[in-house]
Structure formats: C-alpha cells, structure tokens
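As structure tokens, the structure follows; a few thoughts come after it.
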Amino acid sequence: MAGAAAMLLARDGHHVTVLERDPPPPPAPADAWNTWERRGVTQFRQPHSFLPRFREVLDDQMPDVADALVADGLLRQNRMAVLPEAITGGWRDGDERFTTITGRRPVLEAALGRATEREPGVEVHRGQSVIGLTAAERVPDGIPHVTGVVTGDGRCRSADLVVDAGGRRSRLPDLLTTIGARRPAEELADLGYTYYGRHYRSADGSIPPMLGPPLQAYDSVSWATLPADNGTWSVVLVTVAGDGAVRAARHVEHWERIARSYPLIAHWLDAEPITGIDLMAGIDDRVRRYVVDGQVVATGLVAVGDALACTNPSVGRGASIAALHAVGLRDALRKVGVDAPRELIDQWHEITAGTTDPLIDDTLLFNQHRVNEMAAQIAGRPYETDDPGWHFGRALTAAAGHHPDLLRAAMSVAALLARGVEVRPWDGIVDQLAAVGPVEACTGPGRDELVAIAA
C-alpha cells in the first residue's frame, strides 16, 4: 500500500519518490489478474479481502481515489444492505460505515498503482530495489540518522525521510546494522495456520448471497467467503498447520467435498472456478519495535504497514492498518516536520501507540486464541481460557444474527471500525447478549465427520 501513503503525503505538500522493486508497470486493472507478475509481493494471487476501515480511510482522506478504484472495477458493497431485513432490523443511520471497497489483490494494486502514477508530487521508479542506507557522518547523540538509500544499480538517493513500505519481506533490520544502528526488537510467532483457497467467477457478474459472516468458525477449522471485483470471489478453508486429517484439501475433489458439507459455504461453489486450490502456509505474525530500551534505533526513517507489523491474514486487517499508518505519518509530519528528526520519530511512535498498536495487539491475541481453540478441538477437548475478551467476542459473534444491535456491534469489530473493548459498553449490548443466551455455532460437520469427509 505504498501508493496510498505516497499520495497522502504528496497532497500535504511533500515530494515523494516511490522505489518499486518489481519492474513491470501496472496494466489495465481488467488485465491484472491474468497478466501482471509481482514477485516482490507475497500472496499476490492469494485470496484477499479489504475491510470497511480501509474504505473509510480512503473516503475520508482521498475520496477521488476511492471513486477511481471503483471506476477501475473494484467492488463497493455494504453487507448491511444485502443481509435480510429480518436480521438487520432495516437500514439505520450510520450503516454506511459498513461499506467496503474490495477486490482481488492484483486488480486493486493495478488500480491503486495507476492512481499513484497520476498523482502530482509523486515519482514512481520501477525495477529499483533498495540494498542499503546512507547515514550522516556525525550525529550528536550517537543515534544514526538516515539520509537516503542505495539502490541496486549503485545509485545513492538522498531523502529528508525514508519510509519503509517493503511489506513482510522488508530487510530493514539488516540494513540498519550496516550503518551502525541497533537492530529493532522483533516479536515473531508462526501460529501455524494453513489456507486452502479457490477463486470463482459468476456468469452474470453477481455475488452469492451472504448467509453468514465472511469468516466463520467451525469445529477445528474456519471458512472465509470473500467477495471481490467483477463478479469474482474466493472461498478459503483455514486449518491448523500439521492437521494431517484435512491435508487432502490441497486436491480439488477433496476440497470441494469438504466445502459442500458446510451449508453456509456450499452455494459459493456454484460458479466457474478460475483457479485450482491455492495453498498458503508459514505466514508469521511479526511486530518490529524501533524504540529499544527507551531509545530509537535511528532517525530519518520510519516503517509502515507490514514492514512495521504484519499479522496472520485470516481476519484481513493488513491493508486497513497500513492505511492508518499512512494517516498517522502524515499527521506526525504536520505536527513536527523533518527538520526535527528525533521529535518526529517520538511523535510517530506516540501516534501509532494510540491508534494502530492496540488494533495489532487485538489481532495477535485473537489469532493465538483461535489457533489454540482449533488445536483443542482436534484433540477432542474444550478450549479453556480465563480471558473475558475472548469469551465476549465469541458470544457476540454467535449472537449477531439474533438482534440488530448485536449484529452491528459484531460487524463493527470485524470491520475494524471498533475494538471489542469499545463495543462492550455500548448501551444494552451486555443485556441483549444475556437475553439471547447461548447460541449454537454455525452448522457444519463435527470433527469426526470432517475427518471422514476429507479422507
């Protein structure tokens, strides 16, 4: 999402140079799925979803870009508008916040790339990999100050501020050590999800009816149904790595047999498949801290998006958090500016600590709980935890279809529009949960039946 950050900063009067390591320019979005190769982007053709919070940032900050994405074929959809009125209680003021702009990643990246290249104040140089950093020779406090980058062709490019938007594959910690900086602290966890996904296309451009939430938790597995652009969508089976009983899902016939055994999933398969089974595994949760023991590792440089913190993609929050990072960086530069590099870094960390860090922490905790729950279900035992936040979230998700207020609370959390700790105090939420009482999980095979179907 480097393009969105570049446009946002350029509109605030900054001249932005984007160095893109992949050489091919974006094709027309309609051709991107079939023709565009981006080896520098992980999960480029894997299933993707972009949450309402991502759309909200675009509409608030760059509404013309949001409109351009839709004009280039991205899907603008509001789940509240397509769910039955018996569940939603009818349209309410404020429901527009549940609108999303989403699509397959190559299509969205192509549309965003075209908008970035049209933006005044932004220069995009493709086929330019960053292999090093340049730093000031003398720094008064001993903390290295980054003054630019070295590209693969040996050229040094100076900058008032270097922004690392290099994603999961960012090599920034290694580059920092070459200029004498401390390595950032890194928290790394491979929680062990494995994804088996497949893309589909309808004959008439329609999207299947949404009979359940986009991410559905079942006994020992989860399913995701992700609407996309131009009448396409993806269906994803999420398992715990090492679950040999469902490993056969990498084969189409086994995957389809498993999928059709889930009543809320089966109808998503009644269309033309446009891929085989896309397997994804070994995706780490990783957070890098560029303040170590109370001291920044370097000035003149910040990391945003997945280069700063990347979470397992099961809940689809990466693009939204990256967009919030871009806004936070813009705001930090408004308050301090590049002429005060230490104060700028302090301001940046203050902003992220109050905005995106809590969202990242919530996501990491959810992922850990869900993996532990799935492992317990595989072992045939209940999942036990004393975390009240997990129990509240589980109860809210299960009861969402039984009261319109609970539905909006659950959707607000899933859409990254609010945190669980923020919706719990909403008027009547706890009482409504108590009135609904325990609700059975989504209907689907139990563990033993799933193992038999997958065999």
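Yes or no, residue by residue, for (1) in contact with a Phe, Trp or Tyr (Cβ under 7 Å, 6 or more places away or on another chain); (2) among the aliphatic types (A, V, I, L, M); (3) assigned to a loop (DSSP other than H, G, I, E, B):
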residue: TYR383; (1), (2), (3): no, no, yes
residue: GLY389; (1), (2), (3): no, no, no
residue: PHE392; (1), (2), (3): no, no, no
residue: LEU396; (1), (2), (3): no, yes, no
residue: GLY401; (1), (2), (3): no, no, no
residue: LEU407; (1), (2), (3): no, yes, no
residue: ALA410; (1), (2), (3): no, yes, no
Could you check segment 72-103 and list, in sequence order, the residues that are surrounded by 12 or more Cβ atoms within 10 Å (Cβ to Cβ) and of a type in the set (A, V, I, L, M)?
LEU74, LEU75, MET80, ALA81, VAL82, LEU83, ILE87, ILE101
Selection from segment 328-367 of residues that are surrounded by fewer than 16 Cβ atoms within 10 Å (Cβ to Cβ) and in contact with a Lys or Arg (Cβ under 7 Å, 6 or more places away or on another chain):
PRO358
All but one of (1) of a type in the set (A, V, I, L, M, F, W, C); (2) within 22 Å of GLU96 (Cβ to Cβ); (3) crowded, with 20+ Cβ neighbours inside 10 Å hold for TRP426; which doesn't?
(3)
If I ask for residues that are of a type in the set (Asp, Glu) and more than 17 Å from ARG104 (Cα to Cα), which ones from segment 68-86 would you list?
GLU85
If we scan segment 320-327, do we find a residue that is on the phi < 0 side of the Ramachandran plot, surrounded by fewer than 22 Cβ atoms within 10 Å (Cβ to Cβ) and either outside any loop (DSSP other than H, G, I, E, B) or small (Gly, Ala, Ser) (or both)?
yes
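For segment 363-370, indicate whether the set of residues that are aromatic (Phe, Trp, Tyr), touching a Leu at 6+ places or on another chain (Cβ under 9 Å) and in a helix (DSSP H, G or I) is non-empty. Outline the logic, then answer.
First pass over segment 363-370, keeping only residues aromatic (Phe, Trp, Tyr): 366.
Then drop every residue that is not touching a Leu at 6+ places or on another chain (Cβ under 9 Å), which leaves none.
Looking through segment 363-370, none of the residues is aromatic (Phe, Trp, Tyr), touching a Leu at 6+ places or on another chain (Cβ under 9 Å) and in a helix (DSSP H, G or I).
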For segment 152-166, check the following and say yes or no: at least one residue is closer than 28 Å to ALA68 by Cβ and at pLDDT below 95.
yes
Being modelled with pLDDT under 95 and of a type in the set (A, V, I, L, M, F, W, C) is true for just one of VAL122, VAL139, VAL149. Which residue is that?
VAL139
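This table checks each residue for (1) within 25 Å of PHE44 (Cβ to Cβ); (2) outside any loop (DSSP other than H, G, I, E, B); (3) of a type in the set (A, V, I, L, M, F, W, C).
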residue: LEU188; (1), (2), (3): yes, yes, yes
residue: MET210; (1), (2), (3): no, no, yes
residue: ASP219; (1), (2), (3): no, no, no
residue: ASP229; (1), (2), (3): yes, no, no
residue: THR239; (1), (2), (3): yes, yes, no
residue: GLU256; (1), (2), (3): yes, yes, no
residue: LEU264; (1), (2), (3): no, no, yes
residue: TRP268; (1), (2), (3): yes, yes, yes
residue: LEU279; (1), (2), (3): yes, yes, yes
Which condition breaks for VAL65 when tested against (1) assigned to a loop (DSSP other than H, G, I, E, B); (2) buried (at least 17 other Cβ atoms within 10 Å of the Cβ); (3) not basic (Lys, Arg)?
(1)
Cβ pairs under 8 Å, 6+ apart, first in segment 373-391 and farther than 19 Å from LEU191 by Cβ, second in a helix (DSSP H, G or I):
GLY380/ARG447; PRO382/ALA376
Matching residues in segment 221-231 (hydroxyl-bearing (Ser, Thr, Tyr) and either surrounded by 23 or more Cβ atoms within 10 Å (Cβ to Cβ) or not assigned by TED's automatic domain parsing to the domain that holds ALA271 (or both)) number 1
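Looking at this structure, is VAL302 assigned to a strand (DSSP E or B), of a type outside the set (Gly, Ala, Ser), in the same structural domain as HIS145 (by TED's automatic domain parsing) and under 26 Å from the mean Cα position of the chain (by Cα)? Explain how you work it out, then say what you get.
Details: assigned to a strand (DSSP E or B): yes; of a type outside the set (Gly, Ala, Ser): yes; in the same structural domain as HIS145 (by TED's automatic domain parsing): yes; under 26 Å from the mean Cα position of the chain (by Cα): yes.
So VAL302 passes the test.
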Any residue that is of a type in the set (Val, Ile, Thr), in contact with a Cys (Cβ under 7 Å, 6 or more places away or on another chain) and farther than 28 Å from ALA414 by Cβ - is there at least one of those in segment 107-119?
no
Being out of contact with any Pro (no Cβ under 7 Å at 6 or more places or on another chain), surrounded by 16 or more Cβ atoms within 10 Å (Cβ to Cβ) and assigned by TED's automatic domain parsing to the domain that holds PRO214 narrows it down to one residue among ALA259, ALA307; which is it?
ALA259
Condition (residue is of a type in the set (Asp, Glu) and either touching a Cys at 6+ places or on another chain (Cβ under 7 Å) or closer than 30 Å to VAL149 by Cβ (or both)) applied to segment 277-292: is it met by at least one residue?
yes
Pairs with Cβ under 6 Å, 6+ apart, first in segment 111-133 and surrounded by fewer than 19 Cβ atoms within 10 Å (Cβ to Cβ), second of a type in the set (D, E, K, R) and assigned to a strand (DSSP E or B)
ARG126/GLU20
Could you count how many residues in segment 5-40 are surrounded by 20 or more Cβ atoms within 10 Å (Cβ to Cβ) and of a type in the set (S, T, N, Q)?
0
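The values are calculated or read from the model by the stated rules, or taken from the named source; none is laboratory data. None of these values were measured; they are calculated from a predicted model. Positions of Cβ are backbone-derived with ideal geometry, glycine not excepted, and every protein chain shown enters the neighbour counts.
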